[in-house]
Every structure is written in structure tokens, then in C-alpha cells.
Amino acid sequence: MSRLGVNIDHIATIRQARGTLYPDPISAAKLAELAGADAIVCHLREDRRHIQDEDVYQLKKNLDIPLTLEMALTEEMIRIACDVKPTTVCLVPEKREELTTEGGFYVKKRFDELKEALRVFNSKNIAVSVFIDPDEESIGLVREAGGQIIELHTGAYCEAHSSLMTAHFHDCHCELCVVGRGNLKRILHSAQFSISLGLQCNAGHGLDYSNISPLVSAFKENKISIHEYNIGHSIIARSLFTGIKQAVGDMKKLLTNRDNLL
Ligand code: PXP
């Protein structure tokens, strides 16, 4: 069964909005862990807009499940990651003005730096995942650089799908649905291709309680095994109404494809 990595950045977003000590992302992470999260994910952004350095150290210290640290490939972040030693680092592109991570890591342009980062992290026993757009060239280059894990950016699929009801999606001819189905096809093909190269394939970004089921079903129909889904915003948003335990549990059910919650 696919694993669920719960991203707790937006607990820290609420804390930072008022400069208080609460809500505490470490407590949220522990609740997610109790609710069955298989990993906790956080993104230490260069502008420190949500997660702070100390949060990452405290997560590492307090969690009993793996920690994934999302980070830009910079000297500062490499230094922090090597000090914290998360289970995995996930390399993402970062722009200061973006609301969230837009687009995948530009593997071609930063190939040599990626190769060197893989060497450094491997020597510290830290696994490396590269967050990429679903295209063959990027996947091939990650493999060539010596990478073993990719995370496919599902944002374009989610954007196209998000305003639609699940039932519409498969036979609707509106532009949004046609684009969404195209993105889904690209994701399926990329997942299949990466697994054929021996890479571990994760997926994430923009996944929520309505767009996850068509994706999980499509992977299942095509006998594609996704190792881990990384999901943050929708789970934290739902937890405001249901609590974290229920929000994580609901998402885990959808990943097993047993219930069709909306
Ligand atoms: N995966 C990666 C690499 C990300 O950068 C993010 C956003 O921090 C996510 C997954 C989670 O995205 P969302 O918050 O939209 O679920």
C-alpha cells in the first residue's frame, strides 16, 4: 500500500502569521503520526515564511516516523540538512515570490550540482528525492545523476481537476477536463517510466480529498505502484474542522481506494 507523508508547513504558517508560539508544528506532526501518517514532511524555505530551523531540529528529535525535509539546493540548506540528518531530503526549486512550489526541479540546468548533492547526502546516509515535472527527460537525468527517488509534481493535474466533481472528469469535454486528463496521462506515463528505470516514485502537490481518488484509481488500473503521496495543504485545511486525526485518517482511506469520501 502507498505511504502517506503529511506536510505540516501550514501549521507553522498560522503560527508565523501572529508571531506566537502556537500552533506548534511538532505537536501537529505527533498527532499526524498517531493518526497513521507514514512520514512527516516540512519545507524549510529560504525566506523562513513558515517552518523555522528549530522546527526541523525538533521534528527530527521527536518523531518516531521518517522525516522528509524539502529544500532548495543551496549551500545553506545542504549545511542544515547534513546537520539535522532527516531520513530524506526532497530537492525542490524555490522562488521567493511564489505562493507554493511552482514547477519541478530543473534537472538539466543543475545536473552537476545535483550529482554533487547526491554524493554528499549519500555519504551522510540521507536519501534524496528530486521533485520533478512529469517528463521523461528529467526522470532519465535524475537516474543518470545517480538518483534513486523522484517525486512527480501533480500540481497541473490537480489545478485542472480541482474545480470539478470527480464524476465529471472522465468524460467531460470542457478545456479544463481535457487538460486535466492530458496531465493525468503524463503522470501515469512518467510513473511507469521511472519505475521501469528502477526509481522509487512518489507523487505530490495540490492533492486533496476530491482529486486523489481518480489519481489513485488510475495508478491502480495501470498497475503502477506509487511509494508515497506527500500531501499538506488539504489535510491541514480539513483538520481545522475535523481535527488532525480524522483528516489524516480520511486521506489514508482514500489512498487505499476503499471509500470514496468527498
Ligand atoms: N511535495 C512537494 C515537493 C512540495 O513542495 C509540496 C508543497 O510544500 C507538497 C508535496 C505538498 O503540497 P500540498 O501542500 O499542495 O499538498
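The values are calculated or read from the model by the stated rules, or taken from the named source; none is laboratory data. Just so it is clear, the structure is predicted and the values come from calculations on it, not from any experiment. A quick note on method: Cβ atoms are made from the backbone with ideal geometry, for glycine too, and the neighbour counts reach across all protein chains shown. Ligands, DNA and RNA are stripped out before the accessible areas are found, and what is left, the full protein with its side chains, is counted by its heavy atoms. Shrake-Rupley method; radii C 1.70, N 1.55, O 1.52, S 1.80 Å.
Residue-by-condition table, conditions (1) more than 16 Å from the ligand (Cβ to nearest atom); (2) touching a residue at least 40 places away in the same chain (Cβ under 8 Å):
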site	(1), (2)
Glu54	yes, no
Asp64	yes, no
Leu69	no, no
Thr74	no, no
Lys85	yes, yes
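Filter the range 1-34 down to the residues that are in a helix (DSSP H, G or I), open to solvent by 50 Å² or more (accessible area, probe 1.4 Å) and touching a residue at least 60 places away in the same chain (Cβ under 8 Å) and list them by number. Within the range 1-34, His10, Leu31, Leu34 qualify.
Condition (residue is over 25 Å from Gln148 (Cβ atoms), touching a Lys or Arg at 6+ places or on another chain (Cβ under 9 Å) and of a type in the set (Lys, Arg)) applied to the range 72-94: is it met by at least one residue?
Initial filter on the range 72-94 (over 25 Å from Gln148 (Cβ atoms)): none.
Checking the range 72-94: not a single residue is over 25 Å from Gln148 (Cβ atoms), touching a Lys or Arg at 6+ places or on another chain (Cβ under 9 Å) and of a type in the set (Lys, Arg).
The requirement of being within 16 Å of the ligand (Cβ to nearest atom) and under 26 Å from Ile212 (Cβ atoms) is satisfied by Ile14.
Answer with yes or no whether Glu70 is in a helix (DSSP H, G or I), surrounded by 16 or more Cβ atoms within 10 Å (Cβ to Cβ) and not small (Gly, Ala, Ser). I'd like the intermediate steps shown before the answer.
On the way: in a helix (DSSP H, G or I): no; surrounded by 16 or more Cβ atoms within 10 Å (Cβ to Cβ): yes; not small (Gly, Ala, Ser): yes.
Judged against the criteria, Glu70 is not a match.
Note on the range 214-238: residues that are open to solvent by 20 Å² or more (accessible area, probe 1.4 Å) and part of a helix (DSSP H, G or I) amount to 6. In the range 35-42, the count of residues that are over 30 Å from Lys223 (Cα atoms) and either touching a residue at least 24 places away in the same chain (Cβ under 8 Å) or open to solvent by 60 Å² or more (accessible area, probe 1.4 Å) (or both) is zero. Take Pro86 and tell me if it is open to solvent by 20 Å² or more (accessible area, probe 1.4 Å), part of a loop (DSSP other than H, G, I, E, B) and not aliphatic (A, V, I, L, M). Taking the combined requirement at face value, the residue does not satisfy it.
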